[in-house]
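As C-alpha cells, the structure follows; a few thoughts come after it.
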Amino acid sequence: MPQFIQRTELKTFYYTPVHCPFCGVRVMGADPDDETRITACPHTLFIAHDTAFEYRSERFDDTVGLCGMSEDEVETKWRADERGIDGFTDAVRLADAIKVAAYAPEPSAYGSYYGFAPIA
Ligand SMILES: [Zn+2]
C-alpha cells in the first residue's frame with residue numbers, strides 16, 4: 001500500500017499562492033479578477049478549507065471511498081474525523097502525493113488544504 005500523503009505546512013507565509021509541484025499551475029488565485037477562483041490541474045487531488053471541499057478529483061474520491069456519494073454523505077464522512085477535513089485528507093494514500101496545509105495565524109486559525117499527486 002502506498003505511503004500516506006506527505007505534508008508541508010505554511011504557517012508564516014500562509015498566504016503564499018500555492019502552485020502544483022508537478023506542473024507549476026497556480027491552483028488558487030490564478031485569475032487576477034477573482035483571487036478566490038480555483039484552477040485545478042490534472043495533478044490536483046483536492047482543494048479544501050476547514051468547512052468544505054472546493055474541489056475533489058475522481059482519483060481522490062476513489063482513493064478515500066467517496067465515489068457515488070452525495071455531497072451530504074461526503075460531509076458526514078469527513079466530519080467523522082476528529083480533525084475534520086485536515087485529518088481526513090491526511091489519510092490519503094497515493095504514491096508520492098503531496099499536501100500543502102496553509103494555516104492562518106490565531107485567532108482566525110483558518111486552514112486551506114491542497115493535495116497533489118503525479119500521474120502515471
Ligand atoms: Zn499539476
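Any read-out appearing in this document is the output of simple, stated calculations on the displayed coordinates, not a laboratory observation. Just so we're clear, the structure is a prediction, and the values are computed from it rather than from any experiment. Note that each Cβ is placed from the backbone with ideal geometry, even for glycine, and that neighbours are counted across all protein chains shown.
Can you give the local net charge around Q3? Use residues other than it whose beta-carbon is closer than 14 angstrom to its beta-carbon, Lys and Arg +1, Asp and Glu -1. Present the calculation step by step, with values, prior to reporting the outcome.
Numbers: positive: R7, R93, K99; negative: D90, D96.
Result for the local shell: +1.
Taking each residue as 0.36 nm, the span from S108 to Y15 lengthens on full extension beyond its C-alpha to C-alpha distance by 32.2 nm.
When the Cα gyration tensor is reduced to axis lengths a ≥ b ≥ c, the ratio a/c stays below 1.5 for the chain, which is therefore classed as rounded.
In order along region 52-59, the Karplus-derived 3J(HN,Hα) couplings, from 6.51 cos²θ - 1.76 cosθ + 1.60 at θ = phi - 60°, round to 6, 7, 8, 8, 9, 7, 4, 4 Hz, and Gly and Pro are given as x. The residue among Y55, P107, G87 whose Cα reaches farthest toward the positive pole of the charge dipole of region 6-116, with charges on the beta-carbon of Lys, Arg, Asp and Glu, is G87.
Think of each Lys and Arg Cβ as +1 and each Asp and Glu Cβ as -1; about the Cα centre, that makes the dipole of region 6-116 roughly 420 debye. Descending by average beta-carbon neighbour count within 10 Å, the peptides 3-11, 83-91 line up as 83-91, 3-11, the highest first.
Backbone geometry of region 105-120 corresponds, through the Karplus equation with coefficients 6.51, -1.76 and 1.60 at θ = phi - 60°, to 3J(HN,Hα) couplings of x, 4, x, 6, 6, 9, x, 10, 10, 10, x, 9, 8, x, 10, 5 Hz, x marking Gly and Pro. Of Y14, Y110, Y55, the residue with the greatest mean-square motion in the GNM of the chain, using alpha carbon springs below 10 Å, is Y110.
3J(HN,Hα) couplings calculated from phi for region 61-69 with the Karplus curve 6.51 cos²θ - 1.76 cosθ + 1.60 (θ = phi - 60°) are, in sequence order, 4, 4, 5, 9, x, 9, 4, x, 8 Hz; Gly and Pro show x. When both bridge partners sit in region 6-116, DSSP labels roughly 80% of those beta bridges antiparallel. For F4, nonlocal amide neighbours, meaning residues 5 or more places apart or on other chains whose placed amide H falls under 5 Å from its own, do not occur.
Close amide-amide hydrogen proximity is noted between M28 and V18, T39, each under 5 Å apart and 5 or more residues distant or on a separate chain (H modeled in the peptide plane; Pro and chain starts excluded).
Work out how much length T39 to D72 would gain on full extension: take 0.36 nm times their residue separation and subtract the Cα-Cα distance, in nm to one decimal.
Values: separation 33, 0.36 × 33 = 11.88 nm, distance 2.38 nm.
Between T39 and D72, full extension yields an extra 9.5 nm.
By the count of neighbouring beta-carbon atoms within 10 Å, fewest first, F22, F116 end up ordered F22, F116.
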